[in-house]
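> Pasting in a structure now, in structure tokens, and then I'll have a few things to ask.
Taken together, the values in this text are just the output of simple stated rules run on the coordinates, not laboratory data. Quantities reported herein were computed from a predicted structural model and do not represent experimental measurements. We place every Cβ from the backbone using ideal geometry, glycine too, and count neighbours over all the protein chains shown.
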Amino acid sequence: MSDNLDLVNEYKDQIRILKQQIAELEDAGKSKDAANKRCLQKLEYCQKDLEDTTEKVKELEEKLKKIKMNSNEK
């Protein structure tokens with residue numbers, strides 16, 4: 001009977017440890033998800049900045065072309 005009780009207690013202890021490990025893994029997963037979300041948001045902002053900058057460069061190139069054309073006409 002004592003052996004059975006020891007076995008039950010050992011299983012209970014293993015279950016407690018496994019539940020603790022599951023909780024730690026879930027917390028780590030949540031932290032990873034939050035970090036991935038922040039990185040994705042930064043990437044989206046960088047993409048938007050790149051698009052805006054590319055558009056501004058195109059506008060400035062067009063202005064420069066017009067200025068060069070006007071200076072060549074004189």
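> Could you grab the pairs with beta carbons closer than 7 Å, sequence gap of 6+ or different chains, first residue in the stretch 20-46 and free of Cβ contacts under 8 Å to residues at least 12 places away in the same chain, second one among the hydrophobic types (A, V, I, L, M, F, W, C)?
Qualifying pairs under 7 Å: none.
> Another question about this same structure. Residues Lys32, Lys19: which one is charged (D, E, K, R) and under 12 Å from the mean Cα position of the chain (by Cα)? Spell out the reasoning first.
Details: Lys19 fails: under 12 Å from the mean Cα position of the chain (by Cα).
On inspection, the qualifying residue turns out to be Lys32.
> Please enumerate the residues belonging to the stretch 1-20 that are surrounded by 10 or more Cβ atoms within 10 Å (Cβ to Cβ) and not in a helix (DSSP H, G or I).
none
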